[in-house]
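The values are calculated or read from the model by the stated rules, or taken from the named source; none is laboratory data. Computed from a predicted structure; not experimentally measured. Cβ: placed from backbone, ideal geometry, glycine included. Neighbour counts: every protein chain shown.
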Amino acid sequence: MLKKLLENSPLDRVLLQMQPGNDWAYQPVKFYYNANVDNEVFKYVPTTVWENGVTKTTLTLSVYGSNQLYKNTVLDEDGNNTTEFKNGQGQTVLVRKMLNDSDYADTYYVYNEYNQLAAVIPPKAVGQTVTDTLLNDFCYQYRYDGRNRLVEKKLPGKGWEYMVYDKADRLLLSQDANMRGLGKWMMTKYDQFGRIAYTGIFSSNDSRSALQNQIADLVIYDARHPVGFVRNGLNVYYTCIYFTPESILSVNYYDSYPQYSFNPTFPSTILGETTLTATPTAEGLSTKSLPVMSLVKNIEDDNWTKNYSYYDKKGRPLVLIPSIIWVDIPKRNLNWILREWLYKRKPTTKGSAQIPKGLLLKILNMMLRTDLRNIIIR
């Protein structure tokens with residue numbers, strides 16, 4: 001089991017930590033606790049002003065005096081040395097990684113007067129006079145509105161990215177520099193329970209602040225609708241109350257399976273387990289509150305990738321089927337089926353139909369991309 005050596009003080013701080021096994025007995029993780037010394041750490045002094053309801057922080061370079069920061073060093077099993085400097089509020093100010101005995105790489109984290117992360121200074125920009133060019137080319141910058149929401153951010157070498165929220169603090173619109181040149185926004189719409197209903201592209205040349213002011217006092221959601229609307233050749237069974245999308249990128253359905261003509265035959269049982277439907281059973285069990293289907297727009301063509309989720313009576317996912325027709329899988333372990341198939345055998349069982357190799361390939365691909373528990377339980 002994991003072994004720890006604690007210091008002899010009421011703080012009970014860890015001094016040594018050894019992983020289980022004899023091989024690790026002489027390679028412990030070592031912890032050191034100290035305080036900074038004078039001129040050891042640069043200090044980026046923030047000055048924040050408000051522009052259009054958003055914070056804007058400028059930085060001035062200085063240094064910390066001695067004993068102003070906590071200094072915690074970790075020496076791992078391979079001898080890698082990492083030191084973190086934290087201020088009195090527990091915020092990480094500097095992470096220093098030793099490259100060798102004398103060289104190190106520093107990453108600074110700068111917080112504004114409202115304790116919000118305003119900038120991240122990477123090693124190449126450390127110790128230089130802070131200019132707009134330095135910030136734009138090398139640093140990460142963040143701006144917030146009066147509700148402490150991140151509304152503007154800039155990554156090194158990229159343009160500013162903007163975000164718009166509704167009254168419930170849910171991200172509705174986002175835009176990067178490329179989309180801004182086209183007058184487009186990435187849009188996310190939610191249902192009345194806060195679940196993502198669909199995503200798409202919204203067209204508007206309005207500024208971020210203008211769009212934010214439009215919905216500042218609105219809780220925007222779209223509920224399931226028997227008729228819905230049509231985009232990209234697909235009938236979307238949701239309302240479209242605010243911010244009409246130009247195109248749809250993905251759709252998620254919950255509670256009940258939408259009646260599309262391309263739906264596969266609904267399996268009444270899977271692996272001997274009764275499949276839940278939207279109609280409550282005598283025990284009151286149904287797919288209510290569960291995600292049942294999703295559609296994602298393909299990039300390579302004008303079609304959709306369709307995923308269906310089926311559940312047993314305990315609400316556990318039995319199988320996720322991507323755009324295929326369900327066939328009866330024999331009551332054998334899925335690993336056995338795949339192993340037999342990989343060895344070019346025919347995984348058949350009396351009373352069960354042979355599984356098409358195409359289906360097995362799709363399941364195998366799903367296993368590589370998804371946790372097995374999300375694919376099949378029994």
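Side notes on the structure shown:
- The sole residue among 233, 194 that is at positive phi and modelled with pLDDT under 95 is 233.
- Remark: residue 150 falls outside the filter, which requires a residue to be within 24 Å of residue 56 (Cα to Cα) and not assigned by TED's automatic domain parsing to the domain that holds residue 124.
- Selection count where residues are more than 23 Å from the chain's Cα centre (by Cα) and either in the same structural domain as residue 306 (by TED's automatic domain parsing) or surrounded by fewer than 19 Cβ atoms within 10 Å (Cβ to Cβ) (or both), scope the range 186-218: 13
- From 141, 192, residue being out of contact with any His (no Cβ under 6 Å at 6 or more places or on another chain), farther than 22 Å from residue 244 by Cα and among the polar types (S, T, N, Q): 141
- Tally, over the range 15-27, of residues that are surrounded by 15 or more Cβ atoms within 10 Å (Cβ to Cβ) and within 33 Å of the chain's Cα centre (by Cα): 2
- Residue selected from the range 89-104 under the condition among the aliphatic types (A, V, I, L, M) and in a strand (DSSP E or B), by the criterion farthest from residue 75 (Cα to Cα): 93
- So residue 115, is it in a loop (DSSP other than H, G, I, E, B) and within 29 Å of the chain's Cα centre (by Cα): yes
- You will find that of 143, 180, the residue that is touching a residue at least 24 places away in the same chain (Cβ under 8 Å) and basic (Lys, Arg) is 143 and no other.
- Single residue of 181, 200, 157 found to be assigned to a loop (DSSP other than H, G, I, E, B) and small (Gly, Ala, Ser): 157
- Restricting attention to the range 213-259, the residues being of a type in the set (S, T, N, Q) and farther than 24 Å from residue 163 by Cβ number 4.
- When residue 296 is tested against (1) within 27 Å of the chain's Cα centre (by Cα); (2) outside the structural domain of residue 311 (by TED's automatic domain parsing), just one condition goes unmet, and that condition is (2).
- Some residue of the range 111-129 being of a type in the set (Ser, Thr, Tyr), surrounded by 13 or more Cβ atoms within 10 Å (Cβ to Cβ) and in contact with a Lys or Arg (Cβ under 8 Å, 6 or more places away or on another chain): no
- Qualifying residue in the range 70-78 (condition: of a type outside the set (Asp, Glu), crowded, with 17+ Cβ neighbours inside 10 Å and either free of Cβ contacts under 8 Å to residues at least 40 places away in the same chain or touching a helix residue (DSSP H, G or I) at 6+ places or on another chain (Cβ under 6 Å) (or both)): yes
- Residue in the range 143-153 that is under 29 Å from residue 211 (Cα atoms), touching a strand residue (DSSP E or B) at 6+ places or on another chain (Cβ under 6 Å) and of a type in the set (Phe, Trp, Tyr) present: yes
- Entry remark, the range 277-303: residues being within 20 Å of residue 236 (Cβ to Cβ), of a type in the set (Gly, Ala, Ser) and loosely packed, with under 10 Cβ neighbours inside 10 Å number 0 in total.
- Residues that are in contact with a strand residue (DSSP E or B) (Cβ under 8 Å, 6 or more places away or on another chain) and over 30 Å from residue 230 (Cα atoms) were ranked within the range 276-322; the one that is modelled with the lowest pLDDT is 318.
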